[in-house]
Amino acid sequence: MPMSQDFKQRLFSQVDSIAAHYGTPFHIYDEKGIRETGAHLQRVFAKVPGFREYFAVKALPNKRIMQLMLEMGFGFDCSSIPEVHMSRELGAKPEDIMFTSNNTSQEEFKYAAQDGGCILNLDDISLVDKVPEFPELICFRYNPGPRRTGNIIIGNPVEAKYGISHEQVVEAYRKARARGAKRFGLHTMVASNELDYTYMVETTRMLLDLAVLLKKELDIELEFINIGGGFGIPAEPDKAPLDIDTMALEITALFDAFKSDNGFTPNMYMESGRFMTGPHGCLISKAINFKHIYRDYVGMDACMSALMRPALYGAYHHIDVVGKEDAPKNKTYDVVGSLCENNDKFAIQRQLPEIEEGDLLAFHDTGAHGHAMGFQYNGRLRPKELLLRTDSSVELIRRAETMEDYFATQNFAADVFTP
Ligand SMILES: *Cc1c(COP(=O)(O)O)cnc(C)c1O
């Protein structure tokens with residue numbers, strides 16, 4: 001289950017006219033699918049105390065999409081000043097924003113404290129003394145180190161730069177309380193694109209065990225635990241999706257047991273990005289050139305400025321040639337962009353139907369960490385973003401970059417300095 005059959009049908013049936021109206025390339029996101037995934041999460045976690053998703057803004061930092069998240073009652077997980085700014089501009093309240101920065105600057109702390117603040121998630125014990133205005137509600141990011149074998153993508157927690165160590169936990173909360181904190185949360189993020197639901201159950205158990213420790217050592221009753229993001233989506237059509245229904249059942253049982261053992265229970269938060277929007281977006285690009293040298297190449301009108309993941313991680317993005325979904329895949333292509341970088345390839349030696357000039361290709365699962373990771377190297381600009389709305393109309397939600405955008409940072413008042 002990469003892109004759903006439902007999204008595919010609704011999109012492909014009108015993609016020619018959408019492409020004619022807006023021009024290619026573009027990312028297009030499915031409002032219906034995003035809302036369904038949001039509702040699904042809320043349904044399966046309904047019995048977990050105070051369940052809330054804080055959408056990881058970096059996955060799809062588009063205001064129109066973020067508006068949908070707010071409408072569903074979700075908050076935002078931010079890790080930079082512009083992300084916090086965008087959230088506030090949309091009307092997010094202080095406790096709708098979780099600010100999880102790393103290697104945090106004073107400027108970031110000051111910004112986070114403005115407008116009533118936000119939920120500050122500290123990445124290190126040394127930062128307790130560096131927060132200029134210490135908030136009443138504070139959270140720490142936890143790194144289990146050798147206690148967990150990280151998942152394949154995020155790697156070994158011992159090598160991860162994030163969070164406080166296990167040995168620092170009690171001291172961190174003690175110090176925070178000494179600085180005036182009265183309400184406490186605990187956060188971790190130890191997985192990325194994880195498809196094994198038991199991993200998330202173990203993460204929840206790990207945080208609940210720490211909640212017991214903090215109660216015992218410091219008489220602190222955590223207000224929430226945040227199990228982070230990293231919920232995976234299968235890239236290949238034959239791969240099984242993450243079983244969030246069973247995951248939610250098992251997590252609910254953990255909270256029930258915690259409540260009867262400890263007489264209180266923290267709320268549960270998560271901050272999923274990829275799972276919320278990943279499968280509900282795709283990149284539509286047109287085949288414009290062909291060449292046949294040692295391999296057969298299809299040249300697209302988009303390049304890695306629109307989708308970095310294949311070049312960066314060797315990530316697989318499933319491809320449909322629109323209108324030829326059921327045609328035999330009897331050709332082998334490298335599907336490439338136009339950047340002067342040989343890794344500017346959407347797919348390498350991929351079996352596809354015969355592609356003709358003008359064919360539209362749909363690259364699946366670009367709804368998270370797709371457009372957002374784009375860049376301008378080589379003067380290749382980022383494409384537009386569209387929203388396929390529930391009433392099947394289409395809305396432009398970000399225009400394509402222009403040369404003016406590209407040159408904007410070179411337009412400034414002269415500043416020559418002779419030291
Ligand atoms: C990137 C990130 C997320 C979202 O990760 P997904 O894999 O998109 O779910 C959540 N929390 C933090 C702190 C992150 O850095």
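Taking Lys and Arg as +1 and Asp and Glu as -1, the other residues whose beta-carbon sits under 10 Å from that of Q168 total -2. For F76, the residues whose amide H sits under 5 Å from its own are F55, I97, M98, ignoring neighbours fewer than 5 places away on the same chain, with H placed 1.01 Å from N. In angstrom, the C-alpha Rg and Dmax of the chain are 23.0, 70. Computed from backbone phi, the HN-Hα couplings of the range 25-40 come to x, 7, 8, 10, 10, 9, 4, 4, x, 4, 5, 5, 5, x, 5, 4 Hz, rounded to whole numbers (Karplus: 6.51 cos²θ - 1.76 cosθ + 1.60, θ = phi - 60°; Gly and Pro given as x). Enumerate the lysines that K329 could reach by cross-link, defined here as Cα to Cα under 29 Å, with residues fewer than 8 away along the same chain left out. Within the straight-line cut-off, K329 pairs with K8, K239, K286, K291, K345.
Amide H contacts of G367: H280, G281, each under 5 Å away and 5 or more positions distant or on a separate chain (H built 1.01 Å from N in the peptide plane; Pro and chain starts excluded). Other residues lying with their Cβ under 12 Å from the Cβ of G180 contribute a combined charge of +3, Lys and Arg counting +1, Asp and Glu -1.
Comparing L213, L312, L127 in a Gaussian network model of the chain (Cα springs below 10 Å), the most mobile by mean-square fluctuation is L312. Largest GNM mean-square fluctuation across G358, G370, G38, computed for the chain with C-alpha springs under 10 Å, falls on G358. Between the listed residues V48, I81, A211, the Cα displaced farthest toward the positive end of the dipole of the chain, a dipole computed from Cβ unit charges relative to the Cα centre, is found at A211. Of all aspartates and glutamates in the structure, the ones whose alpha carbon falls short of 12 Å from that of K259, not counting any fewer than 8 places away in one chain, are E221.
Assuming a ≥ b ≥ c are the square roots of the Cα gyration tensor eigenvalues, decide whether the range 278-409 counts as rounded (a/c under 1.5), prolate (otherwise, with a/b larger than b/c) or oblate.
Details: a/c = 1.80, a/b = 1.22, b/c = 1.48.
Since a/c reaches 1.5 but b/c is at least a/b, the shape of the range 278-409 is classed as oblate.
In a fully extended conformation the segment linking Q376 and L249 would gain 41.3 nm over its present Cα-Cα distance, using 0.36 nm per residue.
Dipole of the chain, Cα-centred, from +1 at each Lys and Arg C-beta and -1 at each Asp and Glu C-beta, to the nearest 20 debye?
I would put it at about 320 debye.
Report summary: the helix-based calculation at 222 nm, which adds -39500 (n - 2.57) for every DSSP H run with n ≥ 4 and divides by the residues of the chain, gives -8500 deg cm²/dmol. Stretching the chain fully between N330 and R183 yields a gain of 46.8 nm (0.36 nm per residue, less the alpha carbon separation).
Every number here is computed from the coordinates shown, using simple stated rules; none is lab data. Remember, predicted model here, so these are calculated numbers, not experimental data. Using ideal geometry, Cβ is built from the backbone for each residue, glycine included, and neighbour counts are taken over all protein chains shown.
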